[in-house]
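Before any comments, here is the structure.
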Amino acid sequence: MVKICCIGAGYVGGPTMAVIALKCPSVEVVVVDISVPRINAWNSDHLPIYEPGLDEVVQQCRGRNLFFSTNVEKHVSEADIIFVSVNTPTKTRGLGAGKAADLTYWESAARMIADVAKSDKIVVEKSTVPVKTAEAIEKILTHNSKGINYQILSNPEFLAEGTAIQDLLNPDRVLIGGRETPDGQKAIKALKDVYAQWVPEERIITTNLWSAELSKLAANAFLAQRISSATGADVSEVSYAIGKDSRIGPKFLNASVGFGGSCFQKDILNLVYICDEVACYWKQVIKVNDYQKSRFVNRVVSSMFNTVSGKKIAIFGFAFKKDTGDTRETPAIDVCKGLLGDKASLSIYDPQVTEDQIQRDLSMGKFDWDHPIHLQPVSPTSIKQVSVVWDPYQAARDAHGLCILTEWDEFKRLDYEKIYESMRKPAFVFDGRNVVDAEKLRELGFIVYSIGKPL
Ligand code: NAD
Ligand code: UGA
């Protein structure tokens, strides 16, 4: 039986390993993490992340050939293939601070592998890392090898949160980079055999290590700049019209209050750091995105008679996109901070994000969020102008304005007549995701602003 161990039980490690276990019943998969609460949650009925379809997959495999453990060293030493899916945040201090990837967690995982390994290992880079990280990791491992043979592979992950299980079950492609030596090719084949259990052969691309690493950063940068570039008259008309060109394609052109999530900004900054000559272009992508968020706040404040001081504003949605509880780099943080800066009082509703998380996010500094959850303060002093409720109607009651910051489907189906009745007048709606029918809401009496649409 092939034994796989994955270091890092996060948004990538958890779902990816669950799907491998589901599709490869003859492989034993153990996901390990240094965070005890995270592993406990993976072993409970309340998984640590929300992802449609994930519960079912975990239920089918957990205890059969899928296990979650904090006994990192034992499972690493027993595995044939070790995935490393730890976080790779942006550095907050030292050389390259604010741009370069912080590989502390990766390096400590690699050193631990070198310490405990007693047999040959294939080490798979799953985290998104700067180009040539595999080479650095190879050095750490081989210089501490005690005669053990290590093969490093780069197998970047392309799943998007909210659709992780679908993306994993039916990926556009699986990318495996490795050394061009016979041993390197053998390792590539071993990993390819795992994916080939359910992914058609023509979708499994094999390359050298650098190509695989660079393809991941470039893919994220391209996706992010597509959204940033999407601006214009009526943005949905423009993106429909240009998306009809088969060379451009229709996906990923929806303008919004700004892109968020743990990866786009981090990976672009990473690219900025490694490629000086084209850095200006990619920096602008992030700048345009930051501008989107501040423009949204300006729109709210200026439309509400240039002040939101003391006014209640309802916030619908806090996660960085629908169908996830993840709030890392969510545009909602910048928008809420901007409104709080103007002394608004906020009532926030998101179906998947807890009060604790929101309070933590609003009190945290830039780039601090991607350090392991167990190192973050558990209960920061809460911001008193922020209340978090589990009912959108309660959030909207007596509010002067309503900001939609995540495109949850349920926001399309709310009773806006009831909401209008309960709000202060004039009642404003600022739709940061273009989810509501602006015309219908105007008929009810709302003043509605949407993204990239004429008033
Ligand atoms: P995450 O923070 O959710 O998970 C990382 C986990 O690694 C944490 O639980 C942490 O406790 C654990 N960890 C850190 N150091 C460890 C160590 N030495 N030993 C054991 N466990 C350790 O992060 P994530 O969102 O799963 O992202 C992981 C990587 O995958 C990142 O490099 C990210 O860029 C990349 N990625 C993420 C996504 C996504 O959608 N989230 C998609 C593709 C790629
Ligand atoms: C993104 C990529 O889509 C994945 O392929 C990649 O694996 C992942 O980053 C990663 O490396 O972490 P993710 O960040 O989970 O996935 O989610 P996306 O669907 O890409 O959305 C990112 C942000 O862009 C969200 O805030 C979303 O609302 C926004 N967005 C997306 C738009 O504003 N408009 C769009 O048309 C699409």
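Worth pointing out:
- Cβ pairs under 9 Å, 6+ apart, first in region 316-328 and at positive phi and touching a residue at least 24 places away in the same chain (Cβ under 8 Å), second among the acidic types (Asp, Glu) and within 10 Å of ligand 2 (Cβ to nearest atom): GLY317/GLU407; ASP323/GLU161
- One residue from PHE296, PHE305, PHE320 being of a type in the set (Phe, Trp, Tyr) and within 16 Å of ligand 1 (Cβ to nearest atom): PHE320
- Pick from region 139-169, criterion more than 14 Å from ligand 2 (Cβ to nearest atom) and aliphatic (A, V, I, L, M), ranking: farthest from the chain's Cα centre (by Cα): ILE148
- Any hit, region 152-166, residues being at pLDDT below 95, over 23 Å from LYS23 (Cβ atoms) and touching a Leu at 6+ places or on another chain (Cβ under 8 Å): no
- Where a residue in region 68-87 is farther than 25 Å from TYR195 by Cβ and its partner, wherever it lies, is β-branched (Val, Ile, Thr) and part of a strand (DSSP E or B), with Cβ under 8 Å and at least six apart: THR70/VAL32; ASN71/VAL32
- Look at region 1-23: where a residue is part of a helix (DSSP H, G or I) and a partner is within 9 Å of ligand 1 (Cβ to nearest atom), sitting 6+ places away or on another chain with Cβ atoms under 6 Å, you get GLY13/SER85; PRO15/ALA164.
- Within region 169-181, none of the residues are assigned to a helix (DSSP H, G or I) and either closer than 22 Å to ASN87 by Cα or in contact with a strand residue (DSSP E or B) (Cβ under 6 Å, 6 or more places away or on another chain) (or both).
- Residue under evaluation PHE158, criteria (1) in contact (Cβ under 8 Å) with a residue 40 or more places away in the chain; (2) touching a Ser or Thr at 6+ places or on another chain (Cβ under 8 Å); (3) surrounded by fewer than 21 Cβ atoms within 10 Å (Cβ to Cβ), criterion not met: (2)
- Taken over region 104-124, residues that are within 15 Å of ligand 1 (Cβ to nearest atom), touching a residue at least 12 places away in the same chain (Cβ under 8 Å) and out of contact with any Lys or Arg (no Cβ under 9 Å at 6 or more places or on another chain) amount to 10.
- Some residue of region 50-65 being crowded, with 23+ Cβ neighbours inside 10 Å and within 16 Å of ligand 2 (Cβ to nearest atom): yes
The values are calculated or read from the model by the stated rules, or taken from the named source; none is laboratory data. Bear in mind the structure is a predicted one, so any value in this text is a computation, not a measurement. Positions of Cβ are generated from backbone atoms using ideal geometry, with glycine treated the same way; all protein chains shown enter the neighbour counts.
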